[in-house]
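The values are calculated or read from the model by the stated rules, or taken from the named source; none is laboratory data. None of the values given here were measured: they were computed from a predicted structure. No Cβ is skipped: glycine too gets one built from the backbone with ideal geometry, and neighbour counts run over all protein chains shown. Note: accessible area is taken over every heavy atom of the protein model, side chains too, but ligands, DNA and RNA are not part of it. Shrake-Rupley method; radii C 1.70, N 1.55, O 1.52, S 1.80 Å.
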Amino acid sequence: MSSLYIGLSQWSHPAWPGQLLSKNLKSTEHLLDYAQVFNSVEGNTSFYGVPDTHSLVRWASQTPDDFRFTFKFPATVSHQGQLIDNVPVALSFIEQLAPLRDKLGMLMLQLPAACGPEQLNGLAHLLNALPQDLQYGVEVRHPAFFAKGEAERMLNRLLLEYNANRIIMDSRPVFSCPPTTPALADAQQKKPQVPVHIISTGQAPVIRFIGHPQPDYNHRFWQAWLPRIQGWLTEGKSVYLFVHTADNQLAPILAAEIAAALHHPLPDFPGLAPSPQGQLF
């Protein structure tokens with residue numbers, strides 16, 4: 001069955017108590033409120049280290065059955081050495097996620113810009129070795145994979161063969177204006193500026209939308225995604241949409257706006273003023 005999974009890049013932020021989260025919650029309880037609004041989250045912390053078992057068990061207990069975590073493979077898999085040599089580390093990582101196995105929506109392999117066509121054989125070896133009952137997404141940043149040449153065709157064919165999803169990064173809003181705020185300047189330094197190549201190589205397309213800090217500014221960029229997302233859902237695919245902004249302060253409001261336009265309105269939360277009919281918009 002197709003599903004739309006909408007989430008943010010984190011479930012806790014200093015600006016969110018009173019907006020998305022209840023006030024006076026302990027930080028270990030923020031996921032409880034987050035999971036009442038969103039049905040997925042981009043788990044970036046695993047890139048730096050595997051969460052401990054106690055935390056994984058707590059996260060499982062704080063989320064409903066249909067909630068999906070989308071953890072990133074650690075940097076020891078994606079950024080250190082050769083992919084072909086990192087299969088044992090990748091398999092160990094998956095084993096350590098056992099307390100959340102039933103709630104793993106996708107495991108994401110974020111490759112650095114230096115990882116180019118010479119690593120495709122290693123990528124194939126890695127994907128072939130991974131458990132087949134889980135979904136995987138691969139994010140590339142090397143220029144050759146956006147040049148519409150043989151390297152990109154080889155990548156796409158490989159992902160199609162292994163039913164792995166090519167993660168689509170849309171950072172256009174961040175780079176479409178001068179850096180008028182420190183957060184925007186920081187985002188322009190750290191976020192990848194890669195072309196938006198819209199392709200679905202697996203059964204669960206992934207969009208990482210990196211927006212401007214002011215939600216209204218982003219409308220013209222995300223509006224074009226609506227028919228594509230609806231089309232994938234109609235085809236029976238699941239879609240993961242992760243909404244960021246340069247500082248993430250108003251990311252929940254931006255995500256709610258997009259969700260409403262997709263006719264999948266999010267539950268009300270404190271930062272939104274419900275309409276008289278009880279709808280978000």
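May I ask you to verify whether PHE145 is of a type outside the set (D, E, K, R) and crowded, with 18+ Cβ neighbours inside 10 Å?
Details: of a type outside the set (D, E, K, R): yes; crowded, with 18+ Cβ neighbours inside 10 Å: yes.
Yes; evaluated as a whole, the condition is true for this residue.
Go through PHE38, PHE47, PHE71 for me and flag whichever is under 20 Å from GLY211 (Cα atoms) and aromatic (Phe, Trp, Tyr). I'd like the intermediate steps shown before the answer.
Details: PHE47 fails: under 20 Å from GLY211 (Cα atoms); PHE71 fails: under 20 Å from GLY211 (Cα atoms).
None of the others qualify; the one that does is PHE38.
Within region 1-41, how many residues are assigned to a loop (DSSP other than H, G, I, E, B), among the small types (Gly, Ala, Ser) and touching a strand residue (DSSP E or B) at 6+ places or on another chain (Cβ under 9 Å)?
The initial filter retains those residues of region 1-41 that are assigned to a loop (DSSP other than H, G, I, E, B), namely 1-3, 9-16, 18-20, 22-26, 38-39.
Subsequent filtering for residues that are among the small types (Gly, Ala, Ser) retains 2-3, 9, 12, 15, 18, 22.
Adding the requirement that they be touching a strand residue (DSSP E or B) at 6+ places or on another chain (Cβ under 9 Å) leaves 2-3, 9, 12.
Of the residues in region 1-41, 4 are assigned to a loop (DSSP other than H, G, I, E, B), among the small types (Gly, Ala, Ser) and touching a strand residue (DSSP E or B) at 6+ places or on another chain (Cβ under 9 Å).
Please give the helices (runs of 4 or more DSSP H) falling wholly within region 98-201 in which 1 or more residues are under 28 Å from VAL50 (Cα atoms). Spell out how you get there, then give the answer.
Values: elements: 120-129, 150-161, 172-175, 182-190.
So the answer is 120-129, 150-161, 182-190.
Residue by residue through region 202-230, note down the ones that are at pLDDT below 95, open to solvent by 20 Å² or more (accessible area, probe 1.4 Å), assigned to a helix (DSSP H, G or I) and farther than 11 Å from VAL174 by Cα.
ASP216, HIS219, ARG220
Which residues, counting only those in region 237-259, are at pLDDT 95 or above and either in a loop (DSSP other than H, G, I, E, B) or surrounded by fewer than 16 Cβ atoms within 10 Å (Cβ to Cβ) (or both)?
LYS237, SER238
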